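Every read-out reported here was derived from the displayed coordinates using simple, explicitly stated rules and does not represent laboratory data. It should be emphasised that the depicted structure is a prediction, and the values quoted were computed from it without experimental measurement. All Cβ positions, even for glycine, are placed from backbone atoms using ideal geometry, and neighbour counts span all protein chains on display.
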Amino acid sequence: MPRYEVTVQGRGIALPMETSVAIGFFKLVQLRSTDPRAAEVRAIERVRADWESSAHALRNRGGASALTIASIGLLSWWHRLLGAPQGYIFFSDNDELQAASRHRFDRP
């Protein structure tokens with residue numbers, strides 16, 4: 001079964017960060033799936049469940065995150081060995097990307 005890497009984008013949040021407010025995020029998901037469409041659906045389900053149970057969601061002052069697919073691709077054999085990065089990459093309205101370590105920002 002093919003293995004895909006899906007970049008899921010979330011928008012519509014208002015998450016206070018150290019120097020700004022994040023309005024969205026990216027999260028990479030790696031998974032096995034029969035086809036790209038099924039991979040997209042499963043990736044969105046996985047990110048939604050992860051987001052809703054995270055401390056980030058508790059700190060969110062905006063609305064529910066609207067999730068979309070930013071990109072999808074087949075993983076090469078060597079990318080499979082590396083694994084997917086963990087956590088979220090947040091961005092603010094001035095387009096500054098802010099890498100969020102899971103451990104650093106999950107504290108309430």
Point to revise | 0 to 90° range, to nearest 10: angle between helix 36-52 axis and the chain longest Cα axis | key: 30
Practice item. Using a Förster distance of 41 angstrom, determine the FRET efficiency expected from the C-beta separation of Thr34 and Asp93, and round it to 0.05. Key: 0.60
Check your understanding: Between the stretch 40-77 and the stretch 1-16, what is the C-alpha centre distance in whole Å?
Key -> 4
Practice item. Within the stretch 17-46, list the GluC sites (Glu not before Pro) lying in a DSSP loop whose Cβ has at most 12 other Cβ atoms in a 10 Å radius. Key: Glu18
Review point. Can you run phi through the Karplus equation (6.51, -1.76, 1.60; θ = phi - 60°) for the stretch 54-62 and list ³J(HN,Hα) in whole Hz, with x for Gly and Pro?
Key: 8, 5, 4, 5, 5, 8, 5, 9, x
Point to revise | Positive-end residue, the chain charge dipole about Cα centroid, Cβ charges, pick of Ile13, Ile72, Val29 | key: Val29
Revision key, fill the gap. In terms of the alpha carbon gyration tensor, root eigenvalues a ≥ b ≥ c, rounded if a/c is under 1.5 and otherwise prolate when a/b exceeds b/c or oblate, the stretch 8-55 is prolate
Check your understanding: Karplus couplings for the stretch 24-35 from phi (6.51 cos²θ - 1.76 cosθ + 1.60, θ = phi - 60°), rounded to Hz, Gly and Pro as x?
Key -> x, 8, 10, 9, 8, 10, 10, 7, 8, 7, 6, 7
**Study point:** Contour excess over end-to-end distance, with Cα ends at Ser76 and Glu18 and 0.36 nm allotted per residue
**Key:** 17.3 nm
